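Asks: Following this message is one structure expressed as structure tokens.
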Amino acid sequence: MVDVESFIDEATAGIRETVGDAHAVIALSGGVDSSVAAALAYEAIGEQLTPVYVDTGLMRKGETEAVRETFDYMESLRIVDAHERFFEQLAGVTDPEEKRHVIGEQFIREFEREARDTGADFLVQGTIYPDRIESEGGIKSHHNVGGLPDVVDFEGIVEPVRDLYKDEVREVARALGLEEVVAERMPFPGPGLAVRVVGEVTPERAEVAREACHIVEEELEEYDPWQAFAAVVGKGTGVKGDNRVHGHIVAVRSVESRDGMTARAQELDWETLQRIQSRITGTVPTVARVVYDVTHKPPATIEYE
């Protein structure tokens with residue numbers, strides 16, 4: 001395990017040495033990885049840092065408001081509404097790897113735009129060790145590693161937690177005094193709900209995934225999963241009222257893990273599963289059926305794409 005205090009000292013010193021007198025933007029998503037990277041960078045260079053949260057339209061329910069509230073102490077925080085640009089770029093894209101590359105490039109272009117506006121030369125992001133392993137190993141391209149475009153208009157990219165696993169990042173978060181809601185929250189993929197929609201990502205399908213994920217997280221909080229979510233995986237026939245519908249199929253997934261490299265599907269009781277399906281089909285009119293994913297990692301990955 002990481003020596004937390006030594007790590008914080010070394011990470012902040014490294015950021016300070018790399019950035020120098022220049023300015024940087026931090027890609028802030030609200031998750032624990034980027035939050036820790038932001039806290040380290042803010043401690044290292046203070047007002048030379050501009051935190052940028054990009055609302056892609058693919059974020060968790062209430063995420064934008066939560067980020068604004070949690071990081072309001074950083075007066076330079078910028079919140080960018082880019083959902084139209086992201087959905088426009090994703091239109092017609094169905095291949096999982098292509099999705100990740102599209103999202104990676106669009107993120108970079110958003111941060112380049114903000115960097116030009118603030119005079120920043122560096123980009124700070126919350127890449128962690130599993131992101132690098134899976135991208136470099138060909139399992140999947142994380143948007144902030146293998147999904148990055150070849151040409152990036154930054155003097156350098158700073159990744160202060162790039163050698164840490166998720167559980168180590170949480171240790172650093174606690175040592176930095178980050179709120180429990182941030183330090184202990186479930187992982188959320190960098191490409192957001194785009195990898196929880198199998199096939200083309202549309203605003204309507206993303207909204208189905210967002211509402212279903214919110215329900216799953218609420219219902220499974222007492223089980224304390226490492227990660228729990230819902231994904232839109234296709235369409236199937238159902239009956240609502242007296243009408244036959246061809247609605248979305250939502251898959252629910254809940255896993256236990258230490259670092260995300262391997263995972264085991266959680267055993268949930270029947271009453272809980274029925275309550276989840278009842279809430280999802282009752283709340284989201286376009287959902288026809290709900291299934292539960294019992295596959296471990298491996299052979300599956302945790303996310304669907």
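FYI, it's all coordinate maths here, none of it is from the lab. Worth saying up front: this structure is predicted, and the values here are computed from it rather than measured. So basically every Cβ, Gly included, is an ideal-geometry build from the backbone, and we count neighbours across all protein chains shown.
Asks: What are the extents of the Cα atoms of the chain along their three principal axes, listed from largest to smallest and rounded to whole Å?
Replies: Cα extents, longest axis first: 67, 40, 37 Å.
Asks: With each pseudo-label sitting 7 Å past Cα toward Cβ, what's the V245-D117 distance in nm, one decimal?
Replies: 3.9
Asks: Could you tell me which GluC sites (Glu not before Pro) in the range 177-229 are loop residues by DSSP with no more than 16 other beta carbons within 10 angstrom of their beta carbon? Could you put the intermediate results ahead of the total?
Replies: Details: sites: E179, E180, E184, E200, E204, E207, E211, E217, E218, E219, E221, E222; in loops: E179, E184, E200.
Here the sparse-neighbourhood loop sites are E179, E184, E200.
Asks: For E256 paired with E10, estimate the spin-label separation in nm (one decimal), with each label point 7 Å from Cα along the Cα-to-Cβ line.
Replies: 3.2
Asks: Determine the shape class of the range 218-305: with a ≥ b ≥ c the square roots of the Cα gyration tensor eigenvalues, call it rounded for a/c under 1.5, and otherwise prolate if a/b is greater than b/c, oblate otherwise. Mind dumping the intermediate values first?
Replies: Values: a/c = 2.90, a/b = 1.78, b/c = 1.63.
Here the range 218-305 falls in the prolate category.
Asks: Within straight cross-link reach of K166, meaning Cα distance under 28 Å, which lysines are found once same-chain residues fewer than 8 apart are removed?
Replies: K61, K99, K140, K297
Asks: Within the P(r) computed for the range 261-305, what percentage of the Cα pairs occupies the region above 13 Å?
Replies: Cα-Cα pairs of the range 261-305 separated by over 13 Å account for 62 percent.
Asks: Hey, what's the Kirkwood Rh for the range 1-147 if you take every pair of different alpha carbons, in angstrom?
Replies: Hydrodynamic radius (Kirkwood, Cα only) of the range 1-147 equals 16.1 Å.
Asks: R78 to Y292: extension gain in nm, 0.36 nm per residue of separation minus the Cα-Cα distance?
Replies: 73.2 nm
Asks: Evaluate the relative contact order of the range 217-265 (contact order divided by residue number), counting alpha-carbon pairs under 8 angstrom at least 6 apart; express in whole percent.
Replies: Once divided by the residue count of the range 217-265, the mean separation gives 34 percent.
Asks: If you don't mind, there's one more thing I want to ask. At each listed q (0.24 Å⁻¹), what is the log10 of I(q)/I(0) that the Debye formula gives for the range 40-118 modelled as equal alpha-carbon point scatterers?
Replies: So the normalised log intensities work out to -1.18.
Asks: Could you tell me the relative contact order of the range 26-140? Use alpha-carbon pairs under 8 Å, at least six residues apart, and round to a whole percent.
Replies: Once divided by the residue count of the range 26-140, the mean separation gives 33 percent.
Asks: Checking the a/c ratio against 1.5 first, then a/b against b/c, what shape does the Cα gyration tensor give for the range 88-132?
Replies: Taking the square roots of the gyration eigenvalues as a ≥ b ≥ c, the range 88-132 is oblate.
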